[in-house]
Every structure is written in structure tokens, then in C-alpha cells.
Amino acid sequence: MNPSLAQKLNAIGAVILGAVLLGAYIFEFALRELPCPLCLLQRWAFMGVACGALLNLRFGIRPSHYGISLISALLGAAISTRQILLHITDPVGFGTPLWGVHLYSWAFVAFVTAIFLIGVMLLMERQFKNQGDAVPQKSPWYWLPFGFLALLALGNTVSTFLECGWMQCPYNPTRYLLLPLV
């Protein structure tokens, strides 16, 4: 796989991760289901996976960038597993299911899929050769994922702050702490 194709795949991956986070925001704002603390950690793990892809776009394809994504995906899978195990005996679960499966279970599937795909990308050694220290050209493949994920990260930070303030987030949030009328 040549570096150009690898960069495009990283850009597509970053946008897909952004779409996953956007779906979480739809549940939060449209369905009024505030994320629990483990859900918030899973969101940041998704951002970490996307960060490795964005680093590949900005500084060129590097195994260390894939390593950041891989560690974030492993952390996210562990957090998702923890939440699945917390609710495994509860027939209702936590939150509204999507196609019969709760979001924390979907998150686990997404993190395991990311681990697999990162492993496949690491097997494609030609993407690491003949790059030097050249920074890739800045095309829409570059700006779209950066802008999209930066907006999502800002939104996540603001919504988390409105939900929790400076305190520990509630286990089962029912309202925004700093927006008492909402």
C-alpha cells in the first residue's frame, strides 16, 4: 500500500470515528440521554483512536501514530467491557438500544474493529517507506477530518462541563448540572 492510499484510509477512518461520535451526540441531544461517566471515557477513547489517524495525516504515516490509535482502542475496549459487565444481568440495560444493542456494546464492537483494522494497516509496510520527513500536502482529505473532529472534541468538552461542572460526573445523569432549566 502506498503512503497516499494509507493517508486516504486514515482520513476515512477519522471521519467514520467522527460519525460514531456524532451518533452519540444525537442520542444525547435528540433523545435527551446524557452520557454516563463510562460513556464519556469511551468518547475520549474514540478521539484517541482518531488522533492517531490525524497524526498520520499531518506528519506522515508512522507506526507510532498507529500505536496511539491502538492503545486508545484497547483502552476504549476495556472501558466498554467494564460497562457491559456492569449491565450484563440487567435485562433493560442502560439507555436506549440501537437495533436491539446498547451503545456501550456497539462501542466495544467498534473498538475491536479498530484494533483489527489498525493491525491490518501495520502489516502494510510499504506505506512507511520512502516518506522521509515530508509533510503531506494539505488537501480536503486533510482539512475535513481535522475540522470535523476538532468541532466534536470541543462539543464533547462543553457538554461534559455542562453535565458535570467541576465535580465528579453523576453515575446516572438526568440533567445538565450547569443548566438547571434544561
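Values computed for the structure shown
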{"read-out": "Residue among R32, R62 that is surrounded by fewer than 22 Cβ atoms within 10 Å (Cβ to Cβ), on the phi < 0 side of the Ramachandran plot and modelled with pLDDT under 90", "value": "R62"}
{"read-out": "Residue that is nearest to the chain's Cα centre (by Cα), among those in region 1-26 that are farther than 30 Å from R126 by Cα and either among the β-branched types (V, I, T) or crowded, with 18+ Cβ neighbours inside 10 Å (or both)", "value": "L21"}
{"read-out": "Enumeration of residues in region 65-79 that are in contact with a helix residue (DSSP H, G or I) (Cβ under 8 Å, 6 or more places away or on another chain) and either over 27 Å from G147 (Cβ atoms) or surrounded by fewer than 19 Cβ atoms within 10 Å (Cβ to Cβ) (or both)", "value": "G67, I71, L74, L75, A77"}
{"read-out": "Filtered residues of region 157-179 (kept if part of a loop (DSSP other than H, G, I, E, B), farther than 15 Å from L31 by Cβ and either of a type in the set (V, I, T) or modelled with pLDDT of 80 or more (or both))", "value": "G165, W166, M167, Q168, C169"}
{"read-out": "Extreme residue, modelled with the lowest pLDDT, among residues of region 94-109 that are in a loop (DSSP other than H, G, I, E, B) and hydrophobic (A, V, I, L, M, F, W, C)", "value": "F94"}
{"read-out": "Condition check for L17: under 20 Å from W143 (Cβ atoms), without any contact (Cβ under 8 Å) to a residue 40 or more places away in the chain and not charged (D, E, K, R)", "value": "no"}
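For every residue, the table says whether it meets (1) closer than 30 Å to F59 by Cα; (2) of a type in the set (A, V, I, L, M); (3) more than 18 Å from the chain's Cα centre (by Cα).
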| position | (1), (2), (3) |
| --- | --- |
| L144 | yes, yes, no |
| G147 | yes, no, no |
| L151 | yes, yes, no |
| G155 | yes, no, no |
| E163 | no, no, yes |
| Q168 | no, no, yes |
| L177 | no, yes, yes |
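The values are calculated or read from the model by the stated rules, or taken from the named source; none is laboratory data. Quick caveat: nothing in here was measured; it's all calculated off a predicted structure. Cβ sites come from the backbone with ideal geometry, for glycine too, and all protein chains shown count toward neighbours.
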